[in-house]
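One structure below.
The values are calculated or read from the model by the stated rules, or taken from the named source; none is laboratory data. It should be emphasised that the depicted structure is a prediction, and the values quoted were computed from it without experimental measurement. Glycine gets a Cβ as well: all are built from the backbone with ideal geometry, and neighbour counts include every protein chain shown. Heads up: the accessible areas ignore ligands, DNA and RNA and are worked out on the full protein's heavy atoms, side chains in. Shrake-Rupley method; radii C 1.70, N 1.55, O 1.52, S 1.80 Å.
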Amino acid sequence: MFEGITTEMLSKMDGHPFAKADVLDELQQQRKHQMSKQQSPDAKADEFPLALLRRHETRLLPPANKPVGPLRGLRAPDIGSLVKVRGIVTRTSDVKPLLEVITYTCETCGREIYHDVSNRKDYLPLLNCTNEQCGATGMGGRLFAQTRGSKFIKYQELRLQELPMHVPVGHVPRSISAHCRGELTRQCAPGDIVTICGIFLPQKLTNLHGGRSSLISDTFLDAMSVDKDKKSYGEIEGNPSVDLLIDEIADSPDSYSRLARSIAPEIFGHDDVKRALLLQLVGGVTRILGDGVRLRGDINICLMGDPGVAKSQLLKSMASTSPRGVYTTGKGSSGVGLTAAIVRDATTSEMSLEGGALVLADCGICCIDEFDKMDEQDRTAIHEVMEQQTVSIAKAGITTTLNARTAVLAAANPLYGRYNKKRNISENINLPNSLLSRFDLLFLLLDKPEVEADVALARHVTHVHRFLCNPELDFEPYDSSFIRQYVAQARQFEPLIPAKLSNTIVDSYVDRRQAAAQDGQVAATPRQLLSILRLSQALARLRFDDVVNQDDISEASRLTDISKASLDHHGVSNQVTDPKSKAFSVLCDYASQLGTQSLSFQKIKDVAIKNAIREHDLLAMLQEYEDLGVLYMSADHTRIDFC
């Protein structure tokens, strides 16, 4: 490619960033001139424009140490210079052909005329032939555009909006257009957080009706490079050292607990809630049946409770951890802002769709705070997304269906400021039952005054304020980048449920419905059965396993029971706070129900899991009461006897 470069050409390449491209164009023009002389000695060297002969792209890359600035930091002195900004892509246009060189053919002399428009925003087509021989005859041949002889390149326009963290209080987020050409097109989608390096240029605004130029200029970025900051799970590149650590953690028995506690470690407590949020990041397996019916695998979670229990902080932590996480509030979000809006394209003047929060969070998590403050008309837009995972649009003559394969994480406050235990759940939470049933897990977080818990919480908060970090844990918490890489590998597995466990799940589901009907409570629905399946598949994914085992089903059932028990205000007010005392109470009730003093340890373990008691709490209770002489456990840990 560099054959024939002289010393003079090499000296030119040291002066300007685009000098190398100019030298290549000059070399290519000389070769074309030599070939044209061999074929026709009378041919002109400047017959073909350089843009038509160029088969490479030239872009100006920034230095590696160039800092990244916000969109709000662009000022008038930056016009014409290379800038580097970060933002979120809110709209992408279709990839259209951009004309660089147009070729005309004269109807009189048959000569081809080339018009280079690569450095222009608009142009007027040529009408008459510019050949001297054709003009000498006085006939003035007409020109016809020839598409096959013209040169086009790919062109796409992006709309970049500044990140919420860069927006000052009380200000509206700013946005700017970015023009991408060639291989820079189709590099990102709406909802991606990208870093764009480009030349900050002005652009004349034209009146669409009168066609006259305006005195007002708009600004845009002529993109030179587009890099994704938060890639989707399928685009995350592996690191050999990180992969070894991930495999080591996946094989450890406490990986589930350690990863869950690494989510927002600066927030005190909420262990079961963090476990559920970890499973929401992993998600279940999406099934598509033969007739096109889609069974969602994403897990929807709703956090309800008193103010000041760190619901919003958990939502923001999840939005930053997920590759395509979007955080919004229900009070400031409308139905159009959640689904899609109709906008007019400034380039083509056509009506197009701009995705809302649910569409931008496709294949991610949409965190909606103040979920109970939304208007009823806006809240209806979420019903379809939470089950069918699509958004149906019929606006301005556009009828289509957009993908919204997102997991919804919502936070709601009680209707009367604090949760009233004398009222039921529907009276405390201003949400319809049709919407609550679409959540896989609903956690009720209450601010109960307890001396030991309050002291631990106060010490945790004061430590965070003093040292700006969480207190030391018994392990080193993982950062959000590592959790994303772990989840990316876990989501590659598609675990199945074996036949023997399917029968167990069916029997458990039937027993729950019958027990709820006898107690006069709300019976379990098929959606709750699907929730257990999704949670168990997420647990199997965490272990990098293709088969769901009994422990996964038990843990999924435990989380579901804890979620249901937290909503039962009678259970909240009368339940024993000490897990050991609760485990002993369950043990005594089970022994009195069977009328025996000798019990099987495996049976007791299954009963404890059904009553939302962890295994280590059960073992701690047995050890403590055995030391007190109340219980006796056999040497092989198979039988438990009352003394």
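For beta carbons closer than 6 Å, sequence separation of 6+ or different chains, a first residue in the range 535-561 that is outside any loop (DSSP other than H, G, I, E, B) and a second that is charged (D, E, K, R) and open to solvent by less than 20 Å² (accessible area, probe 1.4 Å), the qualifying pairs are 536/552; 539/552; 540/552. Within the bounds of the range 172-181, is there any residue that is at pLDDT below 85 and closer than 30 Å to residue 225 by Cα? Looking through the range 172-181, at least one residue is at pLDDT below 85 and closer than 30 Å to residue 225 by Cα.
Take residue 401 and tell me if it is over 25 Å from residue 560 (Cβ atoms), open to solvent by less than 50 Å² (accessible area, probe 1.4 Å) and at pLDDT 75 or above. When the stated conditions are applied, residue 401 does not pass them.
Screening residue 407 against (1) more than 30 Å from residue 161 (Cα to Cα); (2) modelled with pLDDT of 80 or more; (3) among the small types (Gly, Ala, Ser) leaves a single unmet condition, (1). Whenever a residue of the range 599-611 is over 19 Å from residue 559 (Cα atoms), its partners that are modelled with pLDDT of 80 or more and open to solvent by 40 Å² or more (accessible area, probe 1.4 Å), lying with C-beta atoms within less than 6 angstrom and at least six residues away or across chains, give the pairs 601/638. Filtering the range 92-103 to residues that are open to solvent by less than 60 Å² (accessible area, probe 1.4 Å), of a type outside the set (Gly, Ala, Ser) and in contact (Cβ under 8 Å) with a residue 60 or more places away in the chain leaves 92, 95, 98. Scanning the range 157-186 for residues that are open to solvent by 50 Å² or more (accessible area, probe 1.4 Å), within 20 Å of residue 219 (Cα to Cα), in contact (Cβ under 8 Å) with a residue 40 or more places away in the chain and under 21 Å from the mean Cα position of the chain (by Cα) gives 159, 161, 166, 175.
Applying the criterion of being within 27 Å of residue 437 (Cβ to Cβ) and not in a helix (DSSP H, G or I) to the residues of the range 566-594, the residue that is modelled with the highest pLDDT is 568. The set of residues in the range 61-90 that are more than 12 Å from residue 160 (Cβ to Cβ) and open to solvent by 50 Å² or more (accessible area, probe 1.4 Å) comprises 61, 63, 64, 65, 66, 67, 68, 75, 76, 77, 79, 80. Cβ-Cβ distances below 9 Å connect the following pairs, each with a first residue in the range 350-375 that is surrounded by fewer than 24 Cβ atoms within 10 Å (Cβ to Cβ), a second residue that is modelled with pLDDT under 75 and acidic (Asp, Glu), and a separation of six or more residues or different chains: 351/345; 352/345.
Checking 134, 106, 129 one by one, the residue that is surrounded by 13 or more Cβ atoms within 10 Å (Cβ to Cβ), hydrophobic (A, V, I, L, M, F, W, C), free of Cβ contacts under 8 Å to residues at least 40 places away in the same chain and out of contact with any Asp or Glu (no Cβ under 9 Å at 6 or more places or on another chain) is 134 and no other. Looking only at residues of the range 187-204 that are within 22 Å of the chain's Cα centre (by Cα) and at pLDDT 85 or above, we find that the one that is nearest to residue 225 (Cα to Cα) is 196. Looking only at residues of the range 376-398 that are modelled with pLDDT of 75 or more and in a loop (DSSP other than H, G, I, E, B), we find that the one that is nearest to residue 191 (Cα to Cα) is 389. A residue that is in contact with a Pro (Cβ under 6 Å, 6 or more places away or on another chain) and either within 29 Å of residue 537 (Cβ to Cβ) or surrounded by 13 or more Cβ atoms within 10 Å (Cβ to Cβ) (or both) cannot be found anywhere in the range 486-503.
Checking each residue in the range 517-565 for being under 29 Å from the mean Cα position of the chain (by Cα), modelled with pLDDT under 85 and small (Gly, Ala, Ser) picks out only 563. Restricting attention to the range 285-330, the residues being in contact (Cβ under 8 Å) with a residue 60 or more places away in the chain, open to solvent by 10 Å² or more (accessible area, probe 1.4 Å) and either assigned to a loop (DSSP other than H, G, I, E, B) or of a type in the set (Asp, Glu) (or both) number 7.
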